[in-house]
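A quick write-up on the structure given underneath.
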Amino acid sequence: MNTLNVASSRTPDAGVATAPSGVALSDAAERSSRDAYSRSDSERIDHILITMRRALRQVEAIGSVDVELLERNSTAGLVIERVLANLTDMAFDINCHVSRASSGRTPETFSESCEGAIRSGLIDRELASELMPADGPHHVVMQLCLDTEPEQVEAVVARALSAFQEFERRATEWAGRGDVV
């Protein structure tokens, strides 16, 4: 087994795999980690889109996220909230790759990443506002609704799914154009 060094920045140096300092990884895990950081932006986006599609299908398969479901399955709301948070992270990653490819600058916030994605033509302002609603990120709004207004959760989830499905469609189209290197 080999021990890997931790990269100090959010974006690892090319060819540097990351793991917590002193954590030994199997040879297969080390290879996988190193390979993940040697991929091109296009390959990274493709991988993120695969994960995004799977997450969207999983939430869709649950069906209506209504009060009855939330009462019957107390963990369903928490799981869906985490999936929505992960979808936000995936959209952020794709936006960052696209922004960096088109402007050479990596956004630091989700809002900045959406602005970069708008400038590069990946999304329009309308979709950006659906991805980052004025009342807060979908997963945060959902968590608040779980605590105080569970009857609103279904609408929050539907809005989030619609936005992320449209984002996934546009990102897939964008990646297929070959504009992202």
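The values are calculated or read from the model by the stated rules, or taken from the named source; none is laboratory data. It should be emphasised that the depicted structure is a prediction, and the values quoted were computed from it without experimental measurement. Backbone-built Cβ (ideal geometry, glycine too); neighbour counts: all protein chains shown. Ligands, DNA and RNA are excluded from the accessible area calculation, which covers all protein heavy atoms including side chains. Shrake-Rupley method; radii C 1.70, N 1.55, O 1.52, S 1.80 Å.
Inspect all residues belonging to segment 118-125 and state whether any of them is open to solvent by 40 Å² or more (accessible area, probe 1.4 Å), at pLDDT below 95 and among the hydroxyl-bearing types (S, T, Y). Among the residues of segment 118-125, not one is open to solvent by 40 Å² or more (accessible area, probe 1.4 Å), at pLDDT below 95 and among the hydroxyl-bearing types (S, T, Y), which makes the answer no. Taking the criterion of being surrounded by fewer than 17 Cβ atoms within 10 Å (Cβ to Cβ) and over 16 Å from the mean Cα position of the chain (by Cα), the residues of segment 137-149 that qualify are L144, D147, T148, E149. Within segment 62-92, if we keep just the residues that are of a type in the set (A, V, I, L, M, F, W, C) and over 19 Å from the mean Cα position of the chain (by Cα), the residue that is surrounded by the most Cβ atoms within 10 Å (Cβ to Cβ) turns out to be V65.
Residues to consider are E154, E130; find the one that is in contact with an Asp or Glu (Cβ under 7 Å, 6 or more places away or on another chain), open to solvent by 10 Å² or more (accessible area, probe 1.4 Å) and of a type outside the set (K, R). Show your work before the answer.
Values: E130 fails: in contact with an Asp or Glu (Cβ under 7 Å, 6 or more places away or on another chain).
Just a single option satisfies the conditions, and that option is E154.
Which one is nearest to E168 (Cα to Cα), of the residues in segment 56-70 that are without any contact (Cβ under 8 Å) to a residue 60 or more places away in the chain and in a helix (DSSP H, G or I)? Top of the filtered list is R57. In segment 40-55, which residues are out of contact with any His (no Cβ under 8 Å at 6 or more places or on another chain) and part of a helix (DSSP H, G or I)? Residues satisfying the conditions are S42, E43, D46, H47, I48, L49, I50, T51, M52, R53, R54, A55.
Restricting attention to segment 72-111, the residues that are under 15 Å from R53 (Cα atoms), among the polar types (S, T, N, Q) and free of Cβ contacts under 8 Å to residues at least 40 places away in the same chain total 1. Here A160 does not fit the description of being assigned to a helix (DSSP H, G or I), of a type in the set (A, V, I, L, M, F, W, C) and out of contact with any helix residue (DSSP H, G or I) (no Cβ under 6 Å at 6 or more places or on another chain).
What are the residues in segment 98-116 that are more than 14 Å from the chain's Cα centre (by Cα), small (G, A, S) and part of a helix (DSSP H, G or I), if any?
Of all residues in segment 98-116, those more than 14 Å from the chain's Cα centre (by Cα) come to 99-108, 112, 115-116.
Then drop every residue that is not small (G, A, S), which leaves 99, 101-104, 116.
Across segment 98-116, the qualifying residues are S99, A101, S102, S103, G116.
When you scan segment 22-61, how many residues do you find that are among the charged types (D, E, K, R), under 16 Å from the mean Cα position of the chain (by Cα) and at pLDDT 90 or above? If you could, list the steps in order and put the result at the bottom.
Keep residues of segment 22-61 that are among the charged types (D, E, K, R), which gives 27, 30-31, 34-35, 39, 41, 43-44, 46, 53-54, 57, 60.
Now drop any that are not under 16 Å from the mean Cα position of the chain (by Cα), which leaves 41, 43-44, 46, 53-54, 57.
Still in the running and at pLDDT 90 or above: 46, 53-54, 57.
The total comes to 4.
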